[in-house]
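Beneath this line is the structure, given in structure tokens, with notes to follow.
The values are calculated or read from the model by the stated rules, or taken from the named source; none is laboratory data. Remember, predicted model here, so these are calculated numbers, not experimental data. Backbone-built Cβ (ideal geometry, glycine too); neighbour counts: all protein chains shown.
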Amino acid sequence: MDYYQGVVLDYLRADRAVFVNPECCIQLAGKPNPDTDTAWYCDAVAVDLRNHTVFLCEISYANGLRPLVQRLNGWAQHWDNVCKALERDCKVESGWAVRPWLFVPECGVERLISKLSLIKNSNGALVFQPRITTLESVQPWNYCSWNHQDKDTPRPDSVPPSMRL
């Protein structure tokens, strides 16, 4: 786990309605050994009970965000099975929304947004609308640590409104 992953996990846990499973394994086929299955270790799966949404949280400050975009492309190709795996293995209720939640530096938001429009499933359709939060906005001095509400988090103009919620 890198330093910013811990900062983001603290941010997520500060909201009492959000429950977090760090380094959650998402296996498509549910084989006994994840090494023999198509699988990803998601930085965190956050279950938002207030909004009935499951977030696949990825944290990155890599230059260009290439590994993050590759991860999202992989999920897009298998999105239905990713959602089924969450229901099967994490006991997520059918019908809950599932979205990626991306934590990236503010300087990378514009580039990331341009790449998101290219992420499509095998049928050429956009699969999900990720939520984006900048790493700068999750610093501990920017929110209440014992009863954080996401609506109180600072939102830079670089993140479009549709990707804030």
**Message:** Take the residues in the range 46-63 that are in contact (Cβ under 8 Å) with a residue 60 or more places away in the chain and assigned to a strand (DSSP E or B); name whichever of them is farthest from G108 (Cα to Cα).
**Reply:** F55
**Subset tally (residues that are surrounded by 15 or more Cβ atoms within 10 Å (Cβ to Cβ) and of a type in the set (S, T, N, Q)) for the range 1-27** = 2
**Request:** For L112, state whether it is touching a Pro at 6+ places or on another chain (Cβ under 8 Å), at negative phi and among the hydrophobic types (A, V, I, L, M, F, W, C).
**Result:** no
**Prompt:** Is the range 28-39 home to any residue that is of a type in the set (A, V, I, L, M, F, W, C) and within 13 Å of the chain's Cα centre (by Cα)?
**Reply:** no
**Prompt:** Within the set of pairs 6 or more residues apart or between chains, which connect a residue that is exposed (fewer than 11 other Cβ atoms within 10 Å of the Cβ) inside the range 116-127 to a residue that is assigned to a loop (DSSP other than H, G, I, E, B) and of a type in the set (S, T, N, Q) with Cβ atoms less than 6 Å apart?
**Reply:** none
**Item:** Given (1) within 19 Å of V8 (Cα to Cα); (2) surrounded by fewer than 15 Cβ atoms within 10 Å (Cβ to Cβ); (3) at pLDDT 90 or above, number of the condition P140 does not satisfy
**Value:** (3)
**Asked** Does any residue of the range 9-22 turn out to be out of contact with any strand residue (DSSP E or B) (no Cβ under 8 Å at 6 or more places or on another chain), small (G, A, S) and free of Cβ contacts under 8 Å to residues at least 12 places away in the same chain?
**Response** no
**Request:** Starting from residues that are hydrophobic (A, V, I, L, M, F, W, C) and buried (at least 21 other Cβ atoms within 10 Å of the Cβ), keep the ones in the range 55-64 and report whichever is nearest to Q139 (Cα to Cα).
**Result:** I59
**Message:** Condition first: crowded, with 21+ Cβ neighbours inside 10 Å and over 21 Å from M163 (Cα atoms). Can you find one or more residues in the range 92-110 that meet it?
**Reply:** no
**Complete:** Sole miss for R71 among (1) surrounded by 16 or more Cβ atoms within 10 Å (Cβ to Cβ); (2) touching a residue at least 40 places away in the same chain (Cβ under 8 Å); (3) in a helix (DSSP H, G or I) is condition (2)
**Item:** Matching entry among R13, R66 (being within 15 Å of L102 (Cα to Cα), of a type in the set (D, E, K, R) and over 12 Å from the mean Cα position of the chain (by Cα))
**Value:** R66
**Asked** Looking only at residues in the range 28-45 that are outside any loop (DSSP other than H, G, I, E, B) and surrounded by fewer than 21 Cβ atoms within 10 Å (Cβ to Cβ), which one is modelled with the highest pLDDT?
**Response** Y41
